[in-house]
Each structure stands twice: as C-alpha cells, then as structure tokens.
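Structure first, commentary second.
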Amino acid sequence: MIRLNRITDISGIRVGHAEDERIASGVTALVFDTPFTCAVDVRGGGPGTRETDLLDPAATVQAVDALVLAGGSAFGLDAAAGVVAHLREAGRGFAVGDVRVPIVPGAILFDLLNGGDKAWGRFPPYRELGYAAALAAQDGAFALGSVGAGLGARTANLKGGLGSASSAVPGLSAQVGALVAVNAFGRVTMGQGPHFWAAPFERDGEFGGLGLPSLMPDDALSWPREPLPGANTTLAVVATDAALTKAQARRLAIAAQDGLARAIHPAHTPLDGDVVFAVATGAVPLGDEVADLARLGAAAAETLARAVAIGVHAATRLPCLDLPAWREL
C-alpha cells in the first residue's frame, strides 16, 4: 500500500472538507466505512463538544459512524447535524427497532474573531457545511492547510491550519494516523522563528526540514500574547487499525495528547478547548494488550505532533486576518 502520510492510510476512513470563504470558517468530516470504536480525551479549559458522553466506556453505543471538526465555536456544533443528515440518507446509524440513528460526535474551535463575516442571521451555515463535508468525504489524499476546519484557524504568531500524518507502529503490524485542526493559543514554532517544536519527530522534510536551531531563540519560551478566554482550541483525531475496546481507545487518546504538548507551547491552557478523539478500526489484534497499547500511544503522540507542524506549514494567509503564514517567514 502506498503511504500518503494521511489519516486515510488507515483503511476505512474517508475525509471531506467544506468551507465558506466569506465567513472564513469551515468543517472537516471523517466518515467511516463501518462503525468504529471511538473514545475522547479533553484537556483544554474551554471545550465545545457534541455526543461525547456516549464515548464513555460505560455507555451503550460502542461505535460511531463519523466524526466532525468545525469552526464557528458553539454555532459550529450544527455541523454534526449535517453529517447526520447525510448518513441517514445512506441508511447508516445505530439500530433502534426499525429506525437507524447516525452516531456523530464532534468538536468545535473558536474562529469568530478572524475577520470573516459572521453576520449570518438566524441560521448559521454550519449544518449545510457539515452535509457538504460528509458528501465530499473520500479515501486517499485530501487537502491540508487552510481548508475545512483549519480555514479560519490561527496560532499565536502564525496562520493555523489542518494537518495530517501517519506512521507504522514500531514492533507491531498496526498503523496510526492523525488529523488536527491547529487553532492554538500557543506557538508551534520556537518564538518568532521558523523552527517547529515538533522538529525532532519530522520525517522526510514533511514540514520544511529545518530541524532544530543551532541555538535556542531567546524568545522561544516567551508568553505568546495577551489571553482572550475561550478564543482558541486545537482539535485532533488519532486513528489506528488495531483492535481496541473503548477503554483502550480512551487510553490512546490520553497518550496522543502528549503530541499536542510536544508541538505547541503552551498547550492545554484554560484558554484552549483541546480535544483528541481516538478511533480504532479493529483490523489488527493486539498481542500483549498492555505493552502493545503503550507502543500505540507513543506512536500516536509522535504522529500527532508531526501533524500539528504539517498543518501550519501547509497553511496560507487568510485575506481577512492580519497574520502571516509560515511560508512567509
């Protein structure tokens, strides 16, 4: 199989984007060929989520049909309803008698102050954007950078974006993939320079190949900017073809959060709503459940760190936002 360095290297996952340039916001949908085991871990202080309670290992529903990441803050939660509508038309969902209810958890990021026209009136556009993103979902390669949920995203000093990466898990037959919308309060580069915090994990020059600076910049650990509570959030999905229970998937999501901390400084602040979903397709059984899960978690964290840098590296300037893209440094 040709590796695309995308989360779609995990068989059975399709990704679609939809954006509205006028409002400078968008939606990314991950649609699964069959329902997959899913869990979530929330580390940020200002999250916005939908249907995440059912991801608790004690909840009845054991698998989900899709996930959705959206801009728009609370308004963007409507995007999941659009994905649900698309899946219902396809006859997908959790069976309750003769009715099927699509299971679509989601999370949102704050992009309401990026200069886009948010005067949308009574009905925000996110439901239709969610439907369009689900309709556009496909396997294989998909666009990165200023697309989908990453269109209106920002970081402290650079335009944010949507990134993705994948990797084989050392010592296992399994793979992991990650997708992330980077809208962080912190920086993904060391100070104002071009070097990414995730540089130690880079593969094949995937985000510029600069490596680490010869000297740590004086401003590398400086406070990014004046805080605006609730005005950020990094949203991520990590996926594996390993067979996991919901409890094991939760442990994978927890471990993957380390990837955000490695790639963003600072991460998991009260100003962010950082959320990581973990999805397991179940194709590859684990041998030693404890040791193999530890390997998966380490690989997921490294892959997510790479995806963060890839998303910012691929981003382009937003006309309505006075913030440079990485490529302008």
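The values are calculated or read from the model by the stated rules, or taken from the named source; none is laboratory data. None of these values were measured; they are calculated from a predicted model. Here the Cβ is made from the backbone with ideal geometry for all residues, glycine too, and neighbour counts use every protein chain on show.
If Gly116 satisfies every condition in (1) assigned to a loop (DSSP other than H, G, I, E, B); (2) surrounded by 24 or more Cβ atoms within 10 Å (Cβ to Cβ); (3) in contact (Cβ under 8 Å) with a residue 60 or more places away in the chain but one, which is the exception?
(2)
Among (1) closer than 24 Å to Ala236 by Cβ; (2) of a type in the set (Asp, Glu); (3) part of a helix (DSSP H, G or I), there is one condition Asp111 misses while meeting the rest; what is its number?
Every condition holds for Asp111 apart from (3).
What number of residues within segment 50-77 satisfy the criterion of being crowded, with 16+ Cβ neighbours inside 10 Å, under 22 Å from Arg100 (Cα atoms) and polar (S, T, N, Q)?
2
For segment 126-160, name all the residues that are part of a strand (DSSP E or B) and touching a Lys or Arg at 6+ places or on another chain (Cβ under 9 Å).
Gln138, Gly145, Lys159
Which of the residues that make up segment 1-53 are assigned to a loop (DSSP other than H, G, I, E, B), touching a helix residue (DSSP H, G or I) at 6+ places or on another chain (Cβ under 8 Å), closer than 19 Å to Asn183 by Cα and not charged (D, E, K, R)?
Gly48, the sole residue that qualifies.
Kindly indicate whether any position in segment 83-101 is surrounded by 24 or more Cβ atoms within 10 Å (Cβ to Cβ) and assigned to a loop (DSSP other than H, G, I, E, B).
No - not one qualifying residue is present in segment 83-101.
Does Phe123 count as assigned to a loop (DSSP other than H, G, I, E, B) and in contact (Cβ under 8 Å) with a residue 40 or more places away in the chain?
Details: assigned to a loop (DSSP other than H, G, I, E, B): yes; in contact (Cβ under 8 Å) with a residue 40 or more places away in the chain: no.
Answer is no for this residue.
Restricting to segment 228-258, what's the tally of residues that are assigned to a loop (DSSP other than H, G, I, E, B) and either under 13 Å from Gly44 (Cα atoms) or among the β-branched types (Val, Ile, Thr) (or both)?
Qualifying residue count for the region: 7.
Going residue by residue through segment 256-270, is there one that turns out to be out of contact with any helix residue (DSSP H, G or I) (no Cβ under 8 Å at 6 or more places or on another chain), over 25 Å from Gly71 (Cβ atoms) and either crowded, with 20+ Cβ neighbours inside 10 Å or touching a residue at least 12 places away in the same chain (Cβ under 8 Å) (or both)? Walk me through how you get there before you give the answer.
Let us first name the residues in segment 256-270 that are out of contact with any helix residue (DSSP H, G or I) (no Cβ under 8 Å at 6 or more places or on another chain), namely 261, 265-266, 269-270.
Then keep just the ones that are over 25 Å from Gly71 (Cβ atoms); that gives none.
Within segment 256-270, none of the residues are out of contact with any helix residue (DSSP H, G or I) (no Cβ under 8 Å at 6 or more places or on another chain), over 25 Å from Gly71 (Cβ atoms) and either crowded, with 20+ Cβ neighbours inside 10 Å or touching a residue at least 12 places away in the same chain (Cβ under 8 Å) (or both).
Being more than 15 Å from the chain's Cα centre (by Cα) and at pLDDT 95 or above is the filter here, so list the residues in segment 62-71 that pass it. Show your work before the answer.
Here is the first cut: in segment 62-71, the ones more than 15 Å from the chain's Cα centre (by Cα) are 62-65.
Answer for segment 62-71, where residues must be more than 15 Å from the chain's Cα centre (by Cα) and at pLDDT 95 or above: Ala63, Val64, Asp65.
Would you confirm, using the coordinates I've provided, whether Ala66 is farther than 26 Å from Ala261 by Cβ, in contact (Cβ under 8 Å) with a residue 60 or more places away in the chain and either hydroxyl-bearing (Ser, Thr, Tyr) or not in a loop (DSSP other than H, G, I, E, B) (or both)? Please lay out each step first, then the result.
Details: farther than 26 Å from Ala261 by Cβ: yes; in contact (Cβ under 8 Å) with a residue 60 or more places away in the chain: yes; either hydroxyl-bearing (Ser, Thr, Tyr) or not in a loop (DSSP other than H, G, I, E, B) (or both): yes.
Spelling it out, Ala66 is indeed farther than 26 Å from Ala261 by Cβ, in contact (Cβ under 8 Å) with a residue 60 or more places away in the chain and either hydroxyl-bearing (Ser, Thr, Tyr) or not in a loop (DSSP other than H, G, I, E, B) (or both).
If I go through segment 151-180 residue by residue, how many of them are over 22 Å from Arg3 (Cβ atoms) and buried (at least 24 other Cβ atoms within 10 Å of the Cβ)?
First pass over segment 151-180, keeping only residues over 22 Å from Arg3 (Cβ atoms): 151-160.
Adding the requirement that they be buried (at least 24 other Cβ atoms within 10 Å of the Cβ) leaves 151-155, 158-160.
Final tally of qualifying residues: 8.
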